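Have a look at the structure below before the remarks.
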Amino acid sequence: MITSYCLSQNRHRLKACATSDCDFSSAVAEGFHVPSANYFGLIGAEAKTEDNDIIDEMQSAAKDMVSATEDDSPLRDAALIVAGNQVEHYEIAMYGSLVSFARQLGLREAAGLLEQSLNEEKAADAKLTQIGETAVNPQATQMPRAA
């Protein structure tokens, strides 16, 4: 089953990022899409990287979810998918805004590349949702509940 394959390919990286310091967003996205070209080069600017407090908070929440679930359990897999969807939704919002800004500034080529990334993020979100709904969530709901 393709969804099981996708989850198994990403579970270990997601788990590693939820329990250590790594690029959580890239780990969530890895295996679902390939990042697009350098947008900054198109407009003659240099990218400046900074820590992202929002992604840091999402990573912290993912760590909390992982620590509250059993190793290799369907419930942990469901929690990792929730964490992945959170990151994808954030990235969808950011890329959507950037596409709009680029269009307003008349940067058609950059807008096109940003829109490609937006579509990739949407596809990643849809894949995570599909895996959750068809494979992981049904198993997680069968887990015994604490009294």
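Can you name the residue in region 92-147 that is of a type in the set (Ser, Thr, Tyr) and within 19 Å of Val66 (Cα to Cα) and is also modelled with the lowest pLDDT among such residues?
This residue is Thr141.
On the basis of being farther than 12 Å from Ile81 by Cβ and among the charged types (D, E, K, R), does Glu133 make the cut?
no
Just to verify a result, which residue in region 111-147, among those that are under 18 Å from Ala93 (Cβ atoms) and of a type in the set (A, V, I, L, M), is farthest from the chain's Cα centre (by Cα)?
Among those that are under 18 Å from Ala93 (Cβ atoms) and of a type in the set (A, V, I, L, M), it is Ala111.
Search region 113-124 for residues that are in contact (Cβ under 8 Å) with a residue 24 or more places away in the chain and under 14 Å from Val87 (Cβ atoms) and pair each with any residue that is of a type in the set (A, V, I, L, M, F, W, C) and surrounded by fewer than 17 Cβ atoms within 10 Å (Cβ to Cβ) when their beta-carbon atoms are under 6 Å apart and the residues are at least 6 apart or on different chains.
From region 113-124, no pairs qualify.
The values are calculated or read from the model by the stated rules, or taken from the named source; none is laboratory data. Quantities reported herein were computed from a predicted structural model and do not represent experimental measurements. Positions of Cβ are generated from backbone atoms using ideal geometry, with glycine treated the same way; all protein chains shown enter the neighbour counts.
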